[in-house]
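J.: My questions all concern the structure below.
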Amino acid sequence: MSGVPWGETKLVQGNEAVALGALAAGIDFFAGYPITPSTEVAEILAREMPIIGKKWIQMEDEIASISAIIGGSLAGGRSMTATSGPGFSLMQEGLGYACMTEVPLVLVNVMRGGPSTGLPTQVAQGDVMQARWGTHGDHPAIVLAPSDVKECFELTIKAFNLAEQFRTPVILMPDEVIGHMREKLTFPKEEEVCVIPPSSPDVPLEWYEHYHSSATGVSPMAHFGSGYRFHVTGLTHDTHGFPTRKVDEVISKMNRLKQKITRRLDVLEHNDIHNVEESKIIIFCYGSVYRSALAAQQILAKQRKKIGIFRPVTIWPFPDRTVKEMLDTKDVILVPELNQGQMIHEVERLTSDSVRVVPLHRYDGYEITPEQLVAAVLEVM
Amino acid sequence: MPARLPYAYKYLRAKKKFPHVWCPGCGIGIVMGSIIRAIDSLGWELDDILMVSGIGCTSRMPVYVDFNTLHTTHGRALAFGTGAKMANPNLKVLAVMGDGDSMAIGGNHIIHAARRNMDITAIIVNNNNYGMTGGQFSPTTPQGAKTATTPYGMIEPDFDICKLTEAAGANYVARGDVYHVMELDGLIKNALSGPGFRVVEAMAPCPTNFGRANRQGDAVKMMELFKDNTINVAQASKLPKEKTEGKIVRGIFVDKDGIGYTERYQDLCDRVSSGVKK
C-alpha cells in the first residue's frame, strides 16, 4: 500500500489506520523510538513519508522523539510521535513542555500492561490517568480513545485538527487490542476529510504576541523562520513568551492554559451513547472494552434485559456535565476497565450515593469478554 | 567603544531583556559576543537563525539575542534543534549548552547528533560545574576539584568534550576560551560555516562557584589561568612535549566537510520518490 487508499475498502490494522490517518491529516514530521505495541505506526510512516518528501526520523530515545517533534512543530511541520507505556513515561517531560509552550502535536500511546516493562504485547488501559496527570504541574489534556480501526483513522485526523485548534498536544490512546486488530475499513474520499491547516498570524511583525490572549484563549501561531521572531521557553512566560514571575502574568497564563480547554467542552466533548436514557443499568467503558460491552448488550437483549452503554471517545477532558445529567439517576453503573480502577473514580465523583458504581477490573493482559460483562450485569440486576 | 554599540544592538533584545542573569565575571556573555561577531561577519539574516538551548546558565542566552529563540528542557537542545532543522532545513540552527547540559543529561543526544552529522552548530560553554544550581560537579569537573557535591574532591574522571564529539563523528570540533576571544570568534565563525554537526567548546570561568570552591581567585585571576594554562594546537606542535605538559590545547581538532544529515535525507527522498506519481 502506498499513501492513503482514498475511497477504497481494505482489511486494515489499528496501528496502520493511525499511520494512514496521519498521512491523511497531512503529517509533515514524525520522530519516534521503537516500542511494542506501537511499532507499526513508525514502520509504515518510515516507508511512506520519504516518498512524498515528508520528514521521518528515529531518535535515540523517547525523550528525544517528543523533543524533536516539538521543535518540528515550532518550525512549521505537523508533527507526531508514537509510543507505548515505558516510552510514554519518558515523554512526560516533553509533553509538559508542549502544554506549557502551547505547541500543537499528536502523541500516540498504544497502551500495554504496566507498570514498568510490564506486559509488552498485551492489552491494558493503565495509562489513562497518566495521560491526564502524568507530567508535573497543572496542565491541559486532550485525550482520545478509539474503539475500532475506523476510529483509529478518524481520530488521528481529529487529533491533528484539535492540536492546531487548541495549540496543545493531543494524545491518541488506542489500547493494544485496538492497535493490533484488523478490521474492514472503507476509507473516505479525500475531499470528505476536513483538515485544519496550521495557523499563521496576519498582524504586522512588531505587533505579534506569541501568546496573544484572544477570546478563545488560543491565537494564531507563527513558526520559526517565518519572519516573526519570538522566544519560546518552558519557564512561565508573558504574552511575548519571555520568562516572568509577575503575579498577574503568571495567573493570566495559568488560567488561559486551563480555560482554553475547559471553556470549549462543546467542541471537545465526544461520547458514544447507546440506550442510556431508557436503561437503569449502564456500562461505562472506553477503548476495546466497548466492543465487549456492545456484544454483552446484544446477548442481554436476547434475554429481554436492557442495559445502556456510555462511552467517552474524548476521555479527557472528562464529560462531567453529561455524565452527571445522564448517569446520576441510574441504579447501577458498571465500570469495566483493563486496570485496577482508574476512570471509575471520575464516575464516582459525579454520581450520588444512591447510584451503585460497580467496578470490573482485568489486569492480566487479556480482554474483558462479553461473557464476563453479562455475568457482572446479571449479578447486579 | 560607543561607536560599536549600534552594531551589537542589532542582535540583542537590548531594550527589553537586560540586565542579564549572569554573575559578574561570568564568561558566558563573552561567548555570546563571539557568537554575535561571528554571525555578523557572515552577514546572516536574523530571521534565518534559530538559537536553541537547554537549561542552565548558558542556556539563558537565547533570551538576549533577537533570533528565533527556543529555551527547552535540560539536555534536550539538540533533540529540539534536530526536529526544527528537519521541519525547516532553511533554518541555521545554533545550539548553546553548558557542560552539564550537553555532557550529562544531554549526553545521549550529543553523541547521536554527532553520529548523524546533524546540521547543527553546538557551542558548549564549559565552566566545569553546574553554575545555576550552585556549583555542583559536572562531567567536565577535573579530578580532585572541589564543588558543592564534591566537598572532598572530585573522584570521577572527566570527559574531554572535543575527543568525545570527534569520536562520535562530528564534522568540526574546536576548543577555545574567553581569554583568547579573537581566536574564539574565528572558531565559531568556522563552525557556523559548514555542513554537518559542528562543535566549539568554549572554556569559561565561573568565579562565583567553581573559582571560589577551588580558590582560583577572582574573575581576572581566572582569566589569567586561561592565558597561562592553555596553548594553541599549532604552537603545541612546534614545542617539545615537556613544554606543553599539563596545558589545555586550544584550536581546531577536526575539520571535515562530510555530508550533513539534511542533505542525506533529501537524497533519500529524491531516490525513493522517483517514479512515484503524486
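J.: Give me the helices (runs of 4 or more DSSP H) completely within the range B:164-249, filtered to those with at least 2 residues that are open to solvent by 50 Å² or more (accessible area, probe 1.4 Å), more than 30 Å from residue B:153 (Cα to Cα) and in contact (Cβ under 8 Å) with a residue 24 or more places away in the chain, ordered by residue number.
T.: Passing ranges, in order: B:181-192.
J.: Quick one: which of A:325, A:346 is among the acidic types (Asp, Glu), open to solvent by 10 Å² or more (accessible area, probe 1.4 Å) and free of Cβ contacts under 8 Å to residues at least 24 places away in the same chain?
T.: One residue alone meets the criteria, A:325.
J.: Something else now. So if I check each of A:374, A:335, A:357, which one is under 24 Å from residue A:298 (Cα atoms), in contact (Cβ under 8 Å) with a residue 12 or more places away in the chain, in a helix (DSSP H, G or I) and in the same structural domain as residue A:322 (by TED's automatic domain parsing)?
T.: Working: A:335 fails: in a helix (DSSP H, G or I); A:357 fails: in a helix (DSSP H, G or I).
That would be A:374, the only listed residue that is under 24 Å from residue A:298 (Cα atoms), in contact (Cβ under 8 Å) with a residue 12 or more places away in the chain, in a helix (DSSP H, G or I) and in the same structural domain as residue A:322 (by TED's automatic domain parsing).
J.: Would you check if residue A:98 is part of a helix (DSSP H, G or I), under 27 Å from residue A:211 (Cβ atoms) and more than 7 Å from chain B (Cβ to nearest Cβ)?
T.: yes
J.: Something else about it: Identify, by number, the condition in (1) out of contact with any Leu (no Cβ under 9 Å at 6 or more places or on another chain); (2) outside any helix (DSSP H, G or I); (3) open to solvent by less than 20 Å² (accessible area, probe 1.4 Å) that residue A:117 doesn't meet.
T.: The failed condition is (3).
J.: Picking from A:66, A:35, which residue would you name as being in contact (Cβ under 8 Å) with a residue 24 or more places away in the chain, under 23 Å from residue A:96 (Cβ atoms), surrounded by fewer than 24 Cβ atoms within 10 Å (Cβ to Cβ) and in the same structural domain as residue A:172 (by TED's automatic domain parsing)?
T.: Within the list A:66, A:35, the selection yields A:35.
J.: Let me ask you something else. Within the range A:239-263, can you find the residues that are of a type outside the set (Ser, Thr, Tyr), open to solvent by less than 30 Å² (accessible area, probe 1.4 Å) and either within 14 Å of chain B (Cβ to nearest Cβ) or farther than 29 Å from residue B:49 by Cα (or both)? First the steps, then the outcome.
T.: So the first thing to find is which residues in the range A:239-263 are of a type outside the set (Ser, Thr, Tyr), and the list is A:240-243, A:245-251, A:253-261, A:263.
Narrowing further to those that are open to solvent by less than 30 Å² (accessible area, probe 1.4 Å): A:241-242, A:253, A:256-257, A:260-261.
Across the range A:239-263, the qualifying residues are A:241, A:242, A:256, A:260, A:261.
J.: Among the residues that make up the range A:128-137, is at least one of them without any contact (Cβ under 8 Å) to a residue 12 or more places away in the chain and outside the structural domain of residue A:319 (by TED's automatic domain parsing)? Even if it seems obvious, please write down each step before you answer.
T.: Step one: list which residues in the range A:128-137 are without any contact (Cβ under 8 Å) to a residue 12 or more places away in the chain, which gives A:133.
Those left that are additionally outside the structural domain of residue A:319 (by TED's automatic domain parsing): A:133.
The answer is yes, given that some residue of the range A:128-137 is without any contact (Cβ under 8 Å) to a residue 12 or more places away in the chain and outside the structural domain of residue A:319 (by TED's automatic domain parsing).
J.: Here is a follow-up. Output the number of residues of the range B:104-150 satisfying the condition of being surrounded by fewer than 24 Cβ atoms within 10 Å (Cβ to Cβ) and either hydrophobic (A, V, I, L, M, F, W, C) or closer than 30 Å to residue A:56 by Cβ (or both).
T.: So the count comes out to 12.
J.: Another question, then. For the range B:90-124: of the residues being of a type outside the set (Ser, Thr, Tyr) and closer than 11 Å to residue B:50 by Cα, which is farthest from the other protein chains (Cβ to nearest Cβ)?
T.: So the residue we want is B:96.
J.: Within the range B:45-83, track down each residue that is of a type in the set (Gly, Ala, Ser) and open to solvent by 10 Å² or more (accessible area, probe 1.4 Å).
T.: B:56
Listed here are the residues, each with its yes/no results for (1) modelled with pLDDT under 95; (2) closer than 21 Å to residue B:164 by Cα; (3) in contact with a strand residue (DSSP E or B) (Cβ under 9 Å, 6 or more places away or on another chain).
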{"position": "B:175", "(1), (2), (3)": "no, yes, yes"}
{"position": "B:180", "(1), (2), (3)": "no, no, yes"}
{"position": "B:189", "(1), (2), (3)": "no, no, no"}
{"position": "B:263", "(1), (2), (3)": "no, no, no"}
{"position": "B:270", "(1), (2), (3)": "no, no, no"}
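J.: Give me the pairs: first residue in the range B:90-112 and under 23 Å from residue B:39 (Cβ atoms), second residue basic (Lys, Arg) and part of a helix (DSSP H, G or I), beta-carbon distance under 8 Å, and six or more apart or on different chains, which are they?
T.: Sorted first by the residue in the range B:90-112, then by its partner, the pairs are B:91/B:85; B:93/B:85.
J.: Pairs please, first residue from the range A:296-313 and in the same structural domain as residue A:373 (by TED's automatic domain parsing) and within 20 Å of residue A:337 (Cα to Cα), second anywhere and assigned to a helix (DSSP H, G or I) and of a type in the set (Ser, Thr, Tyr), Cβ atoms under 9 Å, 6+ apart in sequence or on different chains.
T.: As it stands, the answer is A:309/A:290; A:310/A:322; A:311/A:290; A:312/A:322, since those pairs meet every condition given.
J.: Then there's this: Of the residues A:89, A:84, which single one is open to solvent by 10 Å² or more (accessible area, probe 1.4 Å) and within 27 Å of residue A:288 (Cβ to Cβ)?
T.: Just one listed residue meets the conditions, A:89.
J.: Return yes or no: is residue A:17 closer than 22 Å to residue A:174 by Cβ, crowded, with 20+ Cβ neighbours inside 10 Å and more than 9 Å from chain B (Cβ to nearest Cβ)?
T.: Judged against the criteria, residue A:17 is a match.
J.: Looking at residue A:330, is it open to solvent by 50 Å² or more (accessible area, probe 1.4 Å), out of contact with any helix residue (DSSP H, G or I) (no Cβ under 7 Å at 6 or more places or on another chain) and in contact (Cβ under 8 Å) with a residue 24 or more places away in the chain?
T.: Against the criterion (open to solvent by 50 Å² or more (accessible area, probe 1.4 Å), out of contact with any helix residue (DSSP H, G or I) (no Cβ under 7 Å at 6 or more places or on another chain) and in contact (Cβ under 8 Å) with a residue 24 or more places away in the chain), residue A:330 does not qualify.
J.: Being in contact with a Lys or Arg (Cβ under 9 Å, 6 or more places away or on another chain), open to solvent by less than 30 Å² (accessible area, probe 1.4 Å), under 23 Å from residue A:219 (Cβ atoms) and of a type outside the set (Val, Ile, Thr) is the filter here; which residues of the range A:165-198 pass it?
T.: Correct list: A:166, A:167.
J.: Can you find a residue that is open to solvent by 10 Å² or more (accessible area, probe 1.4 Å), closer than 16 Å to residue B:96 by Cβ and either touching a residue at least 12 places away in the same chain (Cβ under 8 Å) or of a type in the set (A, V, I, L, M, F, W, C) (or both) anywhere in the range B:155-163?
T.: no
J.: Does residue B:100 count as of a type in the set (Gly, Ala, Ser) and crowded, with 24+ Cβ neighbours inside 10 Å?
T.: Numbers: of a type in the set (Gly, Ala, Ser): yes; crowded, with 24+ Cβ neighbours inside 10 Å: yes.
Taking the combined requirement at face value, the residue satisfies it.
J.: Could I ask something else about it? Tally time: how many residues in the range A:289-322 are open to solvent by 10 Å² or more (accessible area, probe 1.4 Å) and assigned to a helix (DSSP H, G or I)?
T.: Here the count works out to 13.
J.: Could I ask something else about it? Does residue A:147 fit the bill of being more than 14 Å from chain B (Cβ to nearest Cβ), of a type in the set (Ser, Thr, Tyr) and either under 24 Å from residue B:269 (Cβ atoms) or under 20 Å from the mean Cα position of the chain (by Cα) (or both)?
T.: Details: more than 14 Å from chain B (Cβ to nearest Cβ): yes; of a type in the set (Ser, Thr, Tyr): yes; either under 24 Å from residue B:269 (Cβ atoms) or under 20 Å from the mean Cα position of the chain (by Cα) (or both): yes.
When the stated conditions are applied, residue A:147 passes them.
J.: Going by the conditions given, is residue A:25 touching a strand residue (DSSP E or B) at 6+ places or on another chain (Cβ under 6 Å) and buried (at least 24 other Cβ atoms within 10 Å of the Cβ)?
T.: Criteria not met by residue A:25.
J.: Residues of the range A:201-236 being under 14 Å from residue A:167 (Cβ atoms) and within 14 Å of chain B (Cβ to nearest Cβ), which ones?
T.: A:209, A:210, A:221, A:222, A:223, A:230, A:232 - these are the residues of the range A:201-236 that are under 14 Å from residue A:167 (Cβ atoms) and within 14 Å of chain B (Cβ to nearest Cβ).
The values are calculated or read from the model by the stated rules, or taken from the named source; none is laboratory data. What you see is a predicted model, and the numbers here were worked out from it, not measured in a lab. All Cβ positions, even for glycine, are placed from backbone atoms using ideal geometry, and neighbour counts span all protein chains on display. Heavy atoms of the whole protein, side chains included, go into the accessibility calculation; ligands, DNA and RNA do not. Shrake-Rupley method; radii C 1.70, N 1.55, O 1.52, S 1.80 Å.
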